[in-house]
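Just so it is clear, none of the values below were taken in a lab; they were calculated from the coordinates. These numbers were taken from a predicted model, which means no experiment stands behind them. Glycine gets a Cβ as well: all are built from the backbone with ideal geometry, and neighbour counts include every protein chain shown.
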Amino acid sequence: MAISVRFPDGSWRDVPSELRPIDPVTTGMKSRFRHVPVNCDPQWRYLRVASIWHARPRRVSLAILTPSVDDWWLGIAAMADAPASSDKESHSPRAA
């Protein structure tokens, strides 16, 4: 699904969206779901003003895009991009 969002240059663009559940008791709304743009764009974040969605530039990076742990395969010698130093010396043309 897509939802129309107003960008700072005045243009309207369709961005990916999803249905999110809302609590009708606390919000006072009759519907149980709200059509919301997905906040996954690294350049824009989306804010609702009245009933219109507006795009605002992001000032920081998305936390989900930065790795939190090292890759598990880096500790395995056979999975390394370059051979270990002892392997390099044995295959060196000077060693022959």
TODO: Rounded to whole Hz and in sequence order, give me ³J(HN,Hα) for segment 13-18 from the Karplus expression 6.51 cos²θ - 1.76 cosθ + 1.60, θ = phi - 60°, writing x for Gly and Pro.
DONE: 10, 8, 10, x, 9, 8
Open item on the list: Run the numbers for D81 and I22: contour at 0.36 nm per residue of separation, minus the present Cα-Cα distance, in nm.
Closed with: 16.4 nm
Open item on the list: Can you list residues from other chains, or at least 5 along the same chain, whose modelled amide H is less than 5 Å from the amide H of R58?
Closed with: W44, R45
TODO: Pop a pseudo-label 7 angstrom from the Cα along the beta-carbon direction at both L74 and W12 and give the gap in nm to one decimal.
DONE: 4.8
TODO: Give a residue-ordered list of calculated ³J(HN,Hα) values for segment 2-12 (Karplus: 6.51 cos²θ - 1.76 cosθ + 1.60, θ = phi - 60°; whole Hz; x for Gly, Pro).
DONE: 10, 9, 7, 10, 8, 9, x, 7, x, 7, 10
